[in-house]
Amino acid sequence: MDSRQPTTQRLTARAHVLDAQHAAADRRSAFVIPEGIVYLDGNSLGALPRAVPDVVADVTTRQWGERLIRSWNESDWWGAPERVGNRIGELVGAGAGQLVVTDSTSTNLFKLFVAVSRMDPGRTRVLIDPDSFPTDLYVLDSAARLTGLTVEQVHPDRAVDRVAEIGDELALVVYSSVDYRTGELWDLAAITQAAHRVGAFALWDLCHSAGAIDVRLDDDGADFAVGCGYKYLNGGPGAPAWIYVRAEHQDTFHNPIAGWHGHARPFGMERDYDPAPSISRARSGTGPMLSLLSLEAALTAYDGLSMVDVRARSLSLTGFFIECLGGLGIDLPLATPAQDGRRGSQISLRHPEAYAVVQALMARGVVGDFREPDIIRLGFAPLYVSHADALAAAEHLSHVLRDKEFESADLAMRATVT
Ligand SMILES: *Cc1c(COP(=O)(O)O)cnc(C)c1O
């Protein structure tokens with residue numbers, strides 16, 4: 001007798017019920033998901049939306065191939081960074097005219113760090129989470145060397161107190177809404193309020209939130225924000241990132257990469273830089289148009305969706321996955337908080353052989369990823385992952401662990417990208 005059987009049946013039935021309950025945010029039919037794959041890495045590279053290939057074909061054959069340079073006007077390539085920015089703005093609670101799609105997240109962070117250092121030279125101190133995605137730390141350190149800012153690494157759960165202690169020397173706090181490694185969701189509104197009480201700015205990194213969480217940039221007071229185009233937003237490998245500058249700060253935001261696309265009159269070809277009187281000043285040079293227009297097509301998967309429903313589906317998926325772990329007797333330590341309000345859209349589990357476990361899952365068609373030092377990271381992109389997928393992933397994990405499938409030597413060999 002397999003004592004697991006009744007549990008599996010119960011969980012299967014529950015997966016059906018939950019999938020029906022959260023059908024409002026189900027857009028699986030808008031994506032290409034290969035047969036036999038449970039894709040739990042949409043937090044790292046979103047799946048391919050069906051709308052993208054046709055747009056890429058049109059952009060290459062007609063817009064570029066036939067219409068050539070005329071497409072900058074005819075297809076409004078020029079206005080695409082602001083147009084796509086406004087669409088992303090709707091997903092992260094930003095009113096029009098505050099967000100533009102440009103460059104990479106790393107480059108946009110650099111622009112913001114340097115710009116903030118020039119806004120109030122009397123304020124020189126910056127707080128950042130030591131557990132930030134590394135690029136945030138590297139870019140801030142480099143910007144600090146250029147500008148004279150001083151950086152202090154403070155964990156988000158101590159940030160509110162530390163901000164008050166530092167007071168009016170504080171220029172900026174830099175926090176990610178979701179920890180990329182553990183999936184913990186931080187209360188950035190509270191940290192932002194603390195920063196504002198001492199006259200400092202708050203910069204939010206939304207790489208692991210945009211498209212999965214009902215972020216409210218305008219309402220929660222964020223001054224600046226950045227995010228990726230290729231994670232939950234599904235823009236494809238190398239899709240450009242975005243930058244948000246709250247309307248009231250745009251006049252005093254001076255982009256250190258003051259390129260011609262951010263000029264008030266780019267085709268005036270003037271000798272001197274005069275920044276555009278809008279979010280366009282955050283642009284620098286010519287953007288990757290094929291990727292930018294792919295991102296625009298990808299975002300149609302969100303048409304008609306409410307981010308409140310998306311967030312509800314995401315929480316239900318990760319909550320149900322935790323339930324499956326319990327039901328199937330998988331007792332790996334959770335790095336992600338089990339409490340709903342403290343979770344992003346991923347579940348991270350700890351295992352000493354995490355890398356090999358991820359490889360063994362991959363061999364079974366469950367695609368997740370590994371993060372140093374011991375994290376099995378499983379992302380639940382709410383638009384195309386189902387509760388049935390969550391159960392299937394847990395069942396595969398239970399087999400991998402029970403039969404020690406991760407012990408095969410070749411699974412421990414690290415590839416370049418983990
Ligand atoms: C993915 C990610 C980045 C990536 O930055 P790029 O410059 O676009 O490669 C930056 N920050 C965070 C928090 C991320 O998760």
Residue hits (the range 299-316; more than 19 Å from TYR230 (Cα to Cα), out of contact with any Pro (no Cβ under 8 Å at 6 or more places or on another chain) and in a helix (DSSP H, G or I)) are VAL308, ASP309, ALA312, LEU315, SER316
Out of all the residues in the range 269-278, is one or more over 18 Å from ARG118 (Cβ atoms), touching a residue at least 12 places away in the same chain (Cβ under 8 Å) and not in a helix (DSSP H, G or I)?
-> yes
So the helices (runs of 4 or more DSSP H) completely within the range 1-106 holding 3 or more residues that are at pLDDT 95 or above and either among the aromatic types (Phe, Trp, Tyr) or under 30 Å from GLY327 (Cβ atoms) (or both) are 4-21
State yes or no: is ALA189 farther than 22 Å from ALA144 by Cα and free of Cβ contacts under 8 Å to residues at least 40 places away in the same chain?
-> yes
Please specify each residue of the range 216-230 satisfying the condition of being assigned to a loop (DSSP other than H, G, I, E, B) and either of a type in the set (Gly, Ala, Ser) or away from the ligand (no atom under 12 Å from the Cβ) (or both).
-> ARG216, LEU217, ASP218, ASP219, ASP220, GLY221, ALA222, ASP223, GLY229
Check off (1) surrounded by fewer than 23 Cβ atoms within 10 Å (Cβ to Cβ); (2) assigned to a loop (DSSP other than H, G, I, E, B) for THR336 and give me the number that stays unchecked.
-> (1)
Restrict the check to the range 369-387 and report whether at least one residue is in a helix (DSSP H, G or I) and either in contact with a helix residue (DSSP H, G or I) (Cβ under 9 Å, 6 or more places away or on another chain) or over 21 Å from ASP131 (Cβ atoms) (or both).
-> yes
Under 8 Å by Cβ, and 6 or more places apart or on different chains, what pairs join a residue from the range 340-351 that is in a strand (DSSP E or B) with one that is among the aromatic types (Phe, Trp, Tyr)?
-> GLN346/PHE380; ILE347/PHE321; ILE347/PHE380
Taking into account only those residues within the range 339-365 that are within 18 Å of the chain's Cα centre (by Cα) and crowded, with 17+ Cβ neighbours inside 10 Å, which is farthest from SER44 (Cα to Cα)?
-> ARG343
Residues being under 29 Å from GLU296 (Cα atoms) and either touching a Ser or Thr at 6+ places or on another chain (Cβ under 6 Å) or surrounded by 16 or more Cβ atoms within 10 Å (Cβ to Cβ) (or both) - total across the range 115-150 | 6
Counting just the residues of the range 231-240 that are within 10 Å of the ligand (Cβ to nearest atom) and surrounded by 24 or more Cβ atoms within 10 Å (Cβ to Cβ), which one comes out nearest to GLY285 (Cα to Cα)?
-> PRO240
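The values are calculated or read from the model by the stated rules, or taken from the named source; none is laboratory data. Keep in mind that this is a model prediction, so the values were computed, not measured. Quick reminder, even Gly has a Cβ in these numbers, built from the backbone with ideal geometry, and neighbours come from all protein chains shown.
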